[in-house]
Amino acid sequence: MCLSIPARITEIKQQDSLLMGMVDFGGVLKEVCLDYVPEAKVGQYVLIHVGFAISVLDEEEAQERLNLIREIESFEEEPGSA
Amino acid sequence: MKYVDEYRDPAKVRGLLGEIDEQVTRPWVLMEICGGQTHAFLHHGLDEMLPGGIELVHGPGCPVCVTPLEQIDKALAIATRPDVIFTSYGDMLRVPGSTMDLFNIRANGGDVRVVYSPLEAIRIAETSPEKQVVFFAIGFETTAPPNAMAVLQAKQRGIKNLSVLVSHVCVPPAMEAILSSKTNRVQAFLAAGHVCAVMGYHEYPAITEKYKVPIVVTGFEPVDLLVGVLAAVRQLEAGKAEVQNAYERAVTFEGNQTAQNVMNTVFQPVDRKWRGIGMIPQSGLGLRPEFEAFDAEKRFSVGELVTQESPLCIAGEILQGIKKPPQCAAYGNQCTPQSPLGAPMVSAEGTCAAYYRYHRELVPNG
């Protein structure tokens, strides 16, 4: 039920007093409600849950975490490491 | 796909598994709250790749599973009415009520429709003014703001033929109920990342302080899950009990305040019964008095119903992480996804359904 999938915003528009938009789920386009992410911009990625964007994904935070994982990964791959 | 592929990278998964293995010196019991995470762990086989000392127990984070039988029976009573179009998320249709499910109602001519978004229920109400449209508003804090928006829109647009049958539940009271139980085995929580995307994690420091268990906000992809496990294990091994965010790209401490504001405008905390577990004080959300006109229970005066749960089903113990599905006598024989006795065998997030799908070797004669 709490399934949320990342998607890229391709269009933002006002419709029936709601902030709506089109998002791209890796090739599949869908109309969603953007009212809960008024700060979101076209090109940004958002998490979509039951037709609503609930969070704008933070590129910097994502990179920082991936860098930390890369360190663990290279440490684990060193020959002779446990 | 960005934000998906890099979190399914086998090299990263191997690296994290190796690091977890190095950290573990003794057995630990971790609970992932969310049923989506349970399915992801089992789907990717991560539960079997973790070091033997780490046991995952599966939490109550499956809204379909914990929606009380009374609410299902009320849904069934409302959906049978000829003047009603009953709309619901798809998962709810096969959840057994006392005597039948929503699919049976549909097979008998009832107008039961699956919606992907609560805004679809609004559209149906606008295009079917001669009908009463009822939306089954279930879910945790992730789903409450979208459902709240449907109610708010109905009020603002003067849509009179829409009402909601509300059965919302909240995560933190359930975590406290698990930790307070005499049978509790949980030593650390992986908190549900998408609930936290909405709510943040400001509610958790009080829990870690009171019960001395680490809580790690965790995402849903294999790499995210292992980052969460690693953070929890590091804390446990160091004797710490802190709140940590391991899903930084989607979750902030405060959460999504715009969503929380709408949720709090429409809903207020109420006592809520959890199917299989029982009453947990202030663990649910109900409509505020200003939105009472949209309450399907009042509009159709369904009242109190006599309910009957299967005596064989041990869903309550499953949902609290006390037992696992293969320990249930009915699992895989009297109870299967095709013919479920309890909700955890139905839902795409139910623990029993996850075991049935991914651990067939544990099914009797499977």
- Note on the structure: Subset of region B:180-203, residues over 24 Å from B:L46 (Cβ atoms) and not in a loop (DSSP other than H, G, I, E, B), comes to B:S180, B:V198, B:M199
- Number of positions in region B:255-296 that are modelled with pLDDT under 95 and either in a loop (DSSP other than H, G, I, E, B) or outside the structural domain of B:Q132 (by TED's automatic domain parsing) (or both): 3
- Picked from region B:148-174 (must be among the basic types (K, R) and within 14 Å of chain A (Cβ to nearest Cβ)), the residue surrounded by the most Cβ atoms within 10 Å (Cβ to Cβ) is B:K155
- Would it be correct to say that B:E237 is touching a helix residue (DSSP H, G or I) at 6+ places or on another chain (Cβ under 9 Å), of a type in the set (D, E, K, R) and farther than 30 Å from B:E19 by Cβ? no
- Message: If I filter region B:204-226 for residues that are over 30 Å from B:D9 (Cα atoms), in a helix (DSSP H, G or I), polar (S, T, N, Q) and facing chain A (nearest Cβ under 9 Å), do I get at least one hit?
- Response: no
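This table checks each residue for (1) touching a residue at least 40 places away in the same chain (Cβ under 8 Å); (2) within 13 Å of chain A (Cβ to nearest Cβ); (3) of a type in the set (K, R).
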site: B:A246; (1), (2), (3): no, yes, no
site: B:Q260; (1), (2), (3): yes, yes, no
site: B:V266; (1), (2), (3): yes, no, no
site: B:V270; (1), (2), (3): no, no, no
site: B:I280; (1), (2), (3): yes, no, no
site: B:G286; (1), (2), (3): yes, no, no
site: B:V302; (1), (2), (3): yes, no, no
site: B:L312; (1), (2), (3): no, no, no
site: B:K324; (1), (2), (3): yes, no, yes
- Query: Mind checking which residues of region B:266-279 are surrounded by 17 or more Cβ atoms within 10 Å (Cβ to Cβ) and either over 20 Å from the mean Cα position of the chain (by Cα) or not aromatic (F, W, Y) (or both)?
  - Reply: B:V266, B:R272, B:K273, B:R275, B:G276, B:I277
- Report, by residue number, each residue of region B:26-51 that is under 17 Å from B:A188 (Cβ atoms) and either without any contact (Cβ under 8 Å) to a residue 60 or more places away in the chain or more than 13 Å from chain A (Cβ to nearest Cβ) (or both). B:R26, B:P27, B:W28, B:V29, B:L30, B:M31, B:F41, B:L46, B:D47, B:L50, B:P51
- Task: Select from region B:10-21 the residues that are surrounded by 15 or more Cβ atoms within 10 Å (Cβ to Cβ) and at the interface with chain A (Cβ under 9 Å from one of its Cβ atoms) and list them in ascending order.
- Result: B:K12, B:R14, B:G15, B:L16, B:L17, B:G18, B:E19, B:D21
- Close pairs (9 angstrom Cβ cut-off, 6 or more residues apart or separate chains): more than 18 Å from B:V262 (Cα to Cα) in region B:192-208, assigned to a helix (DSSP H, G or I) and among the hydrophobic types (A, V, I, L, M, F, W, C) anywhere: B:A192/B:V171; B:E203/B:V171; B:Y204/B:M175; B:Y204/B:C196; B:I207/B:M175; B:I207/B:L179
- With respect to B:G110, is the statement that it is over 26 Å from A:V37 (Cβ atoms) and assigned by TED's automatic domain parsing to the domain that holds B:P289 true? yes
- Matching residues in region B:1-31 - criterion: being closer than 12 Å to A:R70 by Cα and among the small types (G, A, S): B:A11, B:G15
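The values are calculated or read from the model by the stated rules, or taken from the named source; none is laboratory data. Since the model is a prediction, treat every value here as computed from it, not as a measurement. Positions of Cβ are backbone-derived with ideal geometry, glycine not excepted, and every protein chain shown enters the neighbour counts.
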